[in-house]
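A short write-up of the structure that comes next.
The values are calculated or read from the model by the stated rules, or taken from the named source; none is laboratory data. Quick caveat: nothing in here was measured; it's all calculated off a predicted structure. Don't worry about glycine lacking a Cβ; one is built from the backbone with ideal geometry, like all the others, and counts go over all protein chains shown. Ligands, DNA and RNA are stripped out before the accessible areas are found, and what is left, the full protein with its side chains, is counted by its heavy atoms. Shrake-Rupley method; radii C 1.70, N 1.55, O 1.52, S 1.80 Å.
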Amino acid sequence: MSDSQRTPDQERLLIIDDDEQLCFVMERAMRRRGYDVVVAHTYDQALAVARETPPALATLDLKLESDSGLKLLPALLKVAPACRVVVLTGYSSIATAVEAMKLGAANYLCKPADADEILQSLERETGDGDVQIADNPPSVNRVTWEHIQKVLQEHDGNISATARALGMHRRTLQRKLQKRPVRH
């Protein structure tokens, strides 16, 4: 369905996030915009809801309590192949953005993102050649964060294997991963 043919009242939106407060706020905002909203907080809940009534749209948190949104994405699209999914994360990295797109995400947004930004990213079906390009390169801290995320992705999220590959202690890596990523 093209952007001009979309009407919110026709579409079910599945919000998948383990942050209950964020889900509550987003659910209210999307209902006000006319969407039929359902919420899931876990991998299993999301698949059960999608099997019951496949959603047309979904937001998917990259980092669920005990699972990765990247692991849920292909399973969700298998159950609801026509679903357009935007991956949301407070832990953005180039590696996870690339993987999300390869796995079938329609878009990838950094938190915090408001309802209008999310809907805009779900509705866009083509890339934007006019997107702003940063004037300065990323900081050393940002490059370090990106590298850690890339190596973590290469080791399927295994902290111990990633720490060995990076030549650092596992607990040091865990502390680094608990921090929010640095801005560019």
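Got a sec? Which of Leu60, Leu22 is under 21 Å from Ser121 (Cβ atoms) and not in a strand (DSSP E or B)?
The unique qualifying residue is Leu22.
State whether one or more residues within the stretch 83-90 are within 23 Å of Asn158 (Cβ to Cβ), touching a Cys at 6+ places or on another chain (Cβ under 7 Å) and of a type outside the set (Gly, Ala, Ser).
yes
Just wondering, is there one or more residues in the stretch 56-77 that are over 28 Å from Glu146 (Cβ atoms), open to solvent by 10 Å² or more (accessible area, probe 1.4 Å) and either among the hydroxyl-bearing types (Ser, Thr, Tyr) or within 11 Å of the chain's Cα centre (by Cα) (or both)?
No, that holds for no residue.
Check the stretch 27-45 and report whether any residue there is open to solvent by less than 40 Å² (accessible area, probe 1.4 Å), in contact (Cβ under 8 Å) with a residue 40 or more places away in the chain and over 29 Å from Lys179 (Cα atoms).
Among the residues of the stretch 27-45, at least one is open to solvent by less than 40 Å² (accessible area, probe 1.4 Å), in contact (Cβ under 8 Å) with a residue 40 or more places away in the chain and over 29 Å from Lys179 (Cα atoms), which makes the answer yes.
In the stretch 46-55, which residues are in contact (Cβ under 8 Å) with a residue 40 or more places away in the chain and open to solvent by 60 Å² or more (accessible area, probe 1.4 Å)?
Pro54
Tell me, please, whether a residue that is at pLDDT below 90 and in a loop (DSSP other than H, G, I, E, B) can be found in the stretch 144-151.
For the stretch 144-151, residues at pLDDT below 90 and in a loop (DSSP other than H, G, I, E, B): absent.
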